[in-house]
Structure formats: structure tokens, C-alpha cells
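The values are calculated or read from the model by the stated rules, or taken from the named source; none is laboratory data. If you're wondering where the values come from, they're calculated on a predicted model, not measured in any experiment. Quick reminder, even Gly has a Cβ in these numbers, built from the backbone with ideal geometry, and neighbours come from all protein chains shown.
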Amino acid sequence: EDKVVQSPLSLVVHEGDTVTLNCSYEVTNFRSLLWYKQEKKAPTFLFMLTSSGIEKKSGRLSSILDKKELFSILNITATQTGDSAIYLCAAYNFNKFYFGSGTKLNVKP
Amino acid sequence: GAVVSQHPSRVICKSGTSVKIECRSLDFQATTMFWYRQFPKQSLMLMATSNEGSKATYEQGVEKDKFLINHASLTLSTLTVTSAHPEDSSFYICSAPGQPYGEKLFFGSGTQLSVL
């Protein structure tokens, strides 16, 4: 059965902390791994990863994919209260997007 | 990036009525659109895949007659919740794979449905 598992399910940190969110996947014909941030409504796109070992960065956020061990991590450095959201990862296999349960991040002032 | 427009953003209806939700790709063509349902503090649950020119593909456990999906054109898909009941209250969100390889999903803004 194809599945995506995220951990932790929830996380509470203080501003300035660094966090690492995990996403493991078992998806047949895997093509790419995507990260989204969901605040109140629609998820917004963060990263798409297709190759192992190549880090993608956007400001304080970065992500990397390991296709051998079948996982990805999303790092957020110097967290801010505006980073509070649910972070979703999804694995794509040319047919469907399989979403994990999400990690709810709460950044306290 | 590609834009997906979803309307209405919020709807409140009486039990037994039907509600239609529209999803449009504004600046690209989408032969496929995905409809998700999301309960509070939970992840996205795929309900069905909408295909332009053919029948929608429903996920296991999703009632086809309850959730009618029509992909009328390359830019429009609709989800109709028929004879809505309070248990159908949820956040519904559509998405479309962006071109050129369809690997990136673009989401509509979602519809919060409340059935009284």
C-alpha cells in the first residue's frame, strides 16, 4: 500500500529555534516529493524534490531528499511566529499525489 | 505560478439541499483535477480525480452518487454535494497539476461547507 508518513505530528518551539520535519514514503513508481505549508486555507507550495542529495533552499527553509532511504526532511532555521502552520509533504508517482498527515508547527514568541 | 480559483469560499446550507463547488484553472489547462476533503487538524483526503472528457475516478469509500463530479472543460471542474447532511460539513479543496509535467499541484482556496 502506498503511503506517506510524517513526523512529528505536532511540534512547539520558540522563536529562533531550528526545526526539522520528517517525511518518509513508500510509493510505487515514485517521481517527486513535494512540501507545502498550510495556514488557514489552501496549501502553498514550498519545494519539489526529484533528485537525491540536492538541497533546495528558500530563505530560512531548506529541504533534501534521500531516494535510497525513502525520506525527506524540511528544515526551518531561526523560526518566527509566522512559520506556525501545518506542513504537508506529498509523494507523486505520475498518477496520484499521496499526502502525509502533516506536522503542525507552533512557534511561540 | 499557476492559479486555481475555487468558489464559493464558504457556504452554509440546510440539510437535504445540494451544493455546487467550482474549481477553475485560470492560466493553464487542466485535464485532471483532484478533489480533497479535509477535517479540522487533519491532512488532505483524496476524494476523487476529475478527468476532462471522461468519468471521474473515485477513491474507495467515497459515494459517487453523493459527490457528483463533472469536468466540463479543460479549465473547469465542479463538485456537487447532493442531499447534504451535517456529516458532510467539511473543508473541500480542489487542485490541479501544473504544466508542463504535472508534478506540481496548485490548490484552490478551498470551500468550507457547513450543513445545518
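Does A:Thr81 qualify as being surrounded by fewer than 17 Cβ atoms within 10 Å (Cβ to Cβ), more than 10 Å from the chain's Cα centre (by Cα), within 11 Å of chain B (Cβ to nearest Cβ) and β-branched (Val, Ile, Thr)?
No.
Just checking, does the stretch A:10-18 include any residue being outside any loop (DSSP other than H, G, I, E, B) and either hydroxyl-bearing (Ser, Thr, Tyr) or within 12 Å of another protein chain (Cβ to nearest Cβ) (or both)?
Yes: one or more hits.
Please give the number of the condition B:Phe39 fails out of (1) touching a strand residue (DSSP E or B) at 6+ places or on another chain (Cβ under 8 Å); (2) modelled with pLDDT of 90 or more; (3) under 25 Å from A:Leu34 (Cβ atoms).
Answer for B:Phe39: the failing condition is (2).
Could you tell me whether B:Ile21 is buried (at least 17 other Cβ atoms within 10 Å of the Cβ), more than 25 Å from A:Leu49 (Cα to Cα) and either aliphatic (A, V, I, L, M) or over 12 Å from the mean Cα position of the chain (by Cα) (or both)?
yes
Can you spot a residue in the stretch B:34-45 that is in contact (Cβ under 8 Å) with a residue 40 or more places away in the chain and in contact with a Lys or Arg (Cβ under 9 Å, 6 or more places away or on another chain)?
There is at least one residue in the stretch B:34-45 that is in contact (Cβ under 8 Å) with a residue 40 or more places away in the chain and in contact with a Lys or Arg (Cβ under 9 Å, 6 or more places away or on another chain).
Criterion first (more than 13 Å from B:Ala2 (Cβ to Cβ), surrounded by 18 or more Cβ atoms within 10 Å (Cβ to Cβ) and more than 14 Å from chain A (Cβ to nearest Cβ)) does B:Thr82 satisfy it?
For B:Thr82, the condition - more than 13 Å from B:Ala2 (Cβ to Cβ), surrounded by 18 or more Cβ atoms within 10 Å (Cβ to Cβ) and more than 14 Å from chain A (Cβ to nearest Cβ) - is not met.
Kindly evaluate B:Tyr36 against the criterion of being surrounded by 20 or more Cβ atoms within 10 Å (Cβ to Cβ) and within 14 Å of chain A (Cβ to nearest Cβ).
yes
Within the stretch B:65-75, is even one residue within 15 Å of the chain's Cα centre (by Cα), more than 17 Å from A:Phe97 (Cβ to Cβ) and among the hydroxyl-bearing types (Ser, Thr, Tyr)?
Checking the stretch B:65-75: at least one residue is within 15 Å of the chain's Cα centre (by Cα), more than 17 Å from A:Phe97 (Cβ to Cβ) and among the hydroxyl-bearing types (Ser, Thr, Tyr).
So in the stretch A:91-109, with the set limited to residues that are within 24 Å of A:Val12 (Cβ to Cβ), part of a strand (DSSP E or B) and within 13 Å of the chain's Cα centre (by Cα), which one is nearest to the other protein chains (Cβ to nearest Cβ)?
A:Phe99
So, B:Phe107, is that one within 14 Å of chain A (Cβ to nearest Cβ) and touching a Cys at 6+ places or on another chain (Cβ under 8 Å) or not?
For B:Phe107, the condition - within 14 Å of chain A (Cβ to nearest Cβ) and touching a Cys at 6+ places or on another chain (Cβ under 8 Å) - is met.
Which residues, counting only those in the stretch A:28-42, are among the charged types (D, E, K, R), at the interface with chain B (Cβ under 9 Å from one of its Cβ atoms) and touching a residue at least 40 places away in the same chain (Cβ under 8 Å)?
A:Arg31
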